[in-house]
Amino acid sequence: MSERELLAHSRSSLSGLRHPLVDHLRGTAALARSFAEVFGAGETAEYLALVHDVGKGCGAWQDRLISHAEAAGKPVGIPHKEAGTALAAQAVGRRLAAVVYGHHGGLPNQGQVKKVLAELRGSELDAVRAREATETVARVVPEILREGRIPPPAWLSRIETGRNRALAVDAFTRMLFSCVVDADYLDTAAHFAGEKVRVAPGADMTALLERFEQRRARLLARRAASPVDELREGVYEEALAAAAGAPGMYVLHVPTGGGKTIAAGGFALRHAVQHGLRRVVFAVPYISITQQNAEVYRDLLDPASEDEADPVVLEHHSSVELDEEDGAGAWARLAAENWDAPVVVTTTVQLFQSLFAHKPSVMRKLHRLAGAVIVLDEVQALPDRLLIPILSMLRELVERFGASVVLASATQPSFWSLAQLDGLPRRSVIEDVTGLFGALRRVSYEWRLGPDVTWESIAGDIVAEGGEQVLTVVNTTRDSARLHRLLAGADGGPRVAAPVWHLSTRMTAEHRREVIKHVRGELAAGRPVHVVSTSLIEAGVDVDFPRVYRAWAPAESLQQAAGRCNRDGRLTQGTVVVFRPADGGTPKDQSYQAAMDASAEYFGPGAHTPDHLEALAGYYEKRWALQGTDGRLMGEGVQELRQLLDFPAVADEFQMIDNRYAQSVIVIRPEKSDEQRAAIEADIALLRSPYPAGPEPLRRLQPHMATLPRHEVAQALRSGLAQPVIGDLVEWQGNYEAVRGLDPNDPEDRGGYVI
């Protein structure tokens with residue numbers, strides 16, 4: 001079979017051309033090498049990519065590419081990963097051969113790799129085809145055959161055998177896998193798009209820092225003066241000074257309202273310039289903060305006009321599952337995000353689920369973390385039940401992959417009391433944290449924790465004494481909908497005179513953004529406004545209410561909610577009312593209960609307020625101690641599976657959020673114009689198309705996504721209120737309540753949405 005006849009992919013509907021296998025292997029290899037050079041593994045990644053599709057060289061696969069895939073739109077139906085797996089095992093060892101074996105279906109466990117390698121030594125049909133493919137491809141790509149092993153990076157060779165080395169190999173395998181699958185997807189997508197591979201050029205971090213500084217100065221000049229401006233400026237100057245420090249793990253401990261978002265941006269950019277780091281990744285716990293921070297950084301960093309250059313800031317918060325092993329849906333993986341931008345704003349769920357995943361579409365972006373500044377904002381929201389693997393992986397990124405990590409929070413957990421950071425230098429961005437907290441203390445607390453407190457009584461209190469501008473933060477979406485209906489008079493409650501707004505993840509991202517923008521305008525104008533929200537508003541969202549109500553929650557949540565009260569210090573003191581409704585809901589997991597129990601011990605009437613730093617440090621250590629000393633309730637089981645290189649089991653065990661609450665739903669809101677509706681529908685059609693799409697359609701659809709529990713989505717699909725789009729993403733076709741969004745208990749729902 002000649003070189004010209006060997007194909008990797010069928011004909012592109014845009015260019016009319018087929019994809020030569022030689023071009024695909026070498027193109028993918030060159031990309032993978034460029035991605036892995038930053039952590040010293042360019043040669044290894046290049047070879048793994050070079051052999052990943054060698055199995056396509058057998059005659060049967062080539063025949064069926066034309067007769068089935070191209071002519072009938074059916075899967076080829078012949079495995080092709082085995083030949084490359086055998087070659088990889090010879091060149092880099094069995095453990096890293098998993099990268100090739102899993103490049104479509106996901107990283108396997110070592111038992112699967114052993115099994116396929118044993119089978120390839122036999123005379124079964126797949127083994128025969130693999131040998132035929134290798135011989136055929138070697139005639140046109142002779143470099144797939146090599147003598148001797150490719151050595152591991154020097155840093156990996158220096159780690160002694162044992163637990164640390166096993167965990168380092170796990171992280172190294174994940175990074176290599178990311179390099180290979182991203183390169184594969186980019187090269188494949190370029191073929192079907194009929195264009196050259198698109199990789200963003202390296203960012204000029206010096207120019208971005210200069211733009212950031214200039215626009216920040218203009219932004220501050222336009223803002224109304226605030227009593228806390230001088231303190232915020234001091235925080236920013238300290239952050240810039242600290243950025244000159246060596247790469248590593250940093251702590252940015254700043255009270256709420258202290259200017260943490262812009263200080264973190266200034267630190268990250270200057271640190272990147274100082275040390276030649278490649279990009280900045282901001283990860284936050286809630287989509288609402290993702291939206292807000294992305295907007296802030298876009299204003300400070302994006303080009304002044306769309307014609308000037310590509311955008312600098314990429315906002316990524318959708319969690320659509322796209323992977324399929326075979327079939328037409330396999331091309332859906334090409335729509336996955338790969339973080340090819342100088343500045344990425346994402347969620348901590350997206351970041352860490354990707355780091356501990358095993359599927360290609362989720363993991364293709366991981367190599368972008370090497371040589372990056374990673375700012376973890378609101379780190380108090382990291383789940384206790386996964387802290388051990390999270391901190392361990394962050395340490396790997398710092399010590400093995402050239403990243404710097406910033407742990408930012410107003411309620412900084414005592415992470416260095418845990419073994420995973422033992423011996424790692426702790427670099428503080430702010431020197432006098434105690435003094436800063438004292439200067440920025442702006443609220444007093446009231447406590448209503450008796451057995452007679454209910455939603456009805458709290459609604460009555462808000463109406464009677466809350467004033468004209470009130471924020472109430474609760475623990476669940478059902479509680480937020482219930483209290484909102486009470487205050488709005490929908491359930492016969494004591495209706496407030498002011499407009500009552502609502503915020504939860506059952507609303508689309510765009511809807512939430514609109515509400516937050518409107519609320520800020522009402523607050524600035526001094527007009528009456530009430531908001532009922534889940535915890536998505538309490539960490540990082542820049543609003544300033546004179547009075548805040550907060551349902552009883554862990555101490556860090558109480559303090560974060562207080563950060564929305566008298567934020568700019570214009571009052572002598574704001575008021576935070578902490579209440580515990582007898583009929584309120586709370587998450588049921590054991591870690592959350594430990595946090596609640598520790599909070600009750602340290603904070604409340606007659607005890608400390610949630611902004612007491614010494615009490616807060618004791619609280620964290622107490623809540624972790626309540627979860628046992630063996631680490632099982634804090635993720636030790638994930639670490640044991642990582643040592644075994646059991647990637648599917650790690651992915652199953654590591655779940656940042658309960659799978660019941662993790663499904664994205666596209667909603668075309670009723671008020672959309674015909675033109676807007678058509679644009680959304682066009683992107684949905686692109687994703688449903690049998691042809692591969694890049695990540696752009698999903699990026700454009702993010703503002704139109706809400707989140708629902710999976711069981712509700714399943715019922716909506718059965719009843720015709722939703723239709724599949726791609727992966728686990730669905731399009732909502734039922735009712736969308738104008739204020740509360742996808743409210744399952746809305747009595748005015750005429751769409752039949754009752755769960």
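The values are calculated or read from the model by the stated rules, or taken from the named source; none is laboratory data. Please read all numbers here as calculations on a predicted model, not as lab measurements. Reconstructed Cβ throughout: ideal geometry from the backbone, glycine too, with neighbour counts over all protein chains shown.
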Can you confirm whether segment 632-655 contains a residue that is surrounded by fewer than 17 Cβ atoms within 10 Å (Cβ to Cβ) and more than 26 Å from the chain's Cα centre (by Cα)?
no
Pair list, Cβ under 7 Å, 6 or more apart: segment 698-719 residue more than 16 Å from Ser504 (Cα to Cα), other residue of a type in the set (Lys, Arg):
Arg710/Arg660; His711/Arg660
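Taking the stated definitions as given, is Ala138 without any contact (Cβ under 8 Å) to a residue 60 or more places away in the chain, aliphatic (A, V, I, L, M) and either outside the structural domain of Glu82 (by TED's automatic domain parsing) or in contact with a Gly (Cβ under 9 Å, 6 or more places away or on another chain) (or both)?
yes
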Return the only residue of Ala171, Ala166, Ala189 being in the same structural domain as Asn109 (by TED's automatic domain parsing), closer than 30 Å to Val22 by Cβ, small (Gly, Ala, Ser) and in contact with a helix residue (DSSP H, G or I) (Cβ under 7 Å, 6 or more places away or on another chain).
Ala189
On the basis of being under 23 Å from Arg427 (Cα atoms) and surrounded by 24 or more Cβ atoms within 10 Å (Cβ to Cβ), does Leu376 make the cut?
yes
Within segment 79-103, count every residue that is surrounded by fewer than 19 Cβ atoms within 10 Å (Cβ to Cβ) and either part of a helix (DSSP H, G or I) or touching a helix residue (DSSP H, G or I) at 6+ places or on another chain (Cβ under 7 Å) (or both).
4
Exactly one of Asp611, Asp568, Asp589, Asp630 is in contact with an Asp or Glu (Cβ under 9 Å, 6 or more places away or on another chain), modelled with pLDDT under 95 and under 23 Å from Arg547 (Cα atoms), and that residue is Asp568
In segment 282-293, anything within 10 Å of the chain's Cα centre (by Cα) and touching a residue at least 60 places away in the same chain (Cβ under 8 Å) is listed as Phe282, Ala283, Val284, Pro285, Tyr286, Ile287
The one condition Thr472 fails out of (1) more than 20 Å from Gly563 (Cα to Cα); (2) crowded, with 16+ Cβ neighbours inside 10 Å; (3) among the polar types (S, T, N, Q) is (1)
Report yes if some residue within segment 668-677 is in contact with a strand residue (DSSP E or B) (Cβ under 8 Å, 6 or more places away or on another chain), within 29 Å of Thr707 (Cβ to Cβ) and assigned to a helix (DSSP H, G or I); otherwise report no.
no
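Yes/no matrix, rows are residues, columns are (1) touching a Lys or Arg at 6+ places or on another chain (Cβ under 8 Å); (2) buried (at least 21 other Cβ atoms within 10 Å of the Cβ):
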{"residue": "Gly16", "(1), (2)": "no, no"}
{"residue": "His24", "(1), (2)": "no, yes"}
{"residue": "Phe35", "(1), (2)": "no, yes"}
{"residue": "Glu43", "(1), (2)": "yes, no"}
{"residue": "Gly55", "(1), (2)": "yes, yes"}
{"residue": "Gly59", "(1), (2)": "no, no"}
Within segment 107-137, tally of residues that are modelled with pLDDT under 95 and in a loop (DSSP other than H, G, I, E, B)
5
Name the residues in segment 399-416 that are surrounded by fewer than 20 Cβ atoms within 10 Å (Cβ to Cβ) and either modelled with pLDDT of 95 or more or out of contact with any helix residue (DSSP H, G or I) (no Cβ under 6 Å at 6 or more places or on another chain) (or both), would you?
Glu399, Trp416
For segment 572-587, state whether one or more residues are closer than 18 Å to Ala381 by Cβ and surrounded by fewer than 23 Cβ atoms within 10 Å (Cβ to Cβ).
yes
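Table: residues versus (1) in contact (Cβ under 8 Å) with a residue 12 or more places away in the chain; (2) more than 17 Å from Glu295 (Cα to Cα); (3) out of contact with any Gly (no Cβ under 9 Å at 6 or more places or on another chain); (4) not small (Gly, Ala, Ser).
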residue	(1), (2), (3), (4)
Ala183	yes, yes, no, no
Ala193	yes, yes, no, no
Ala200	yes, yes, yes, no
Met205	yes, yes, no, yes
Leu208	yes, no, yes, yes
Arg211	yes, no, yes, yes
Ala221	no, yes, yes, no
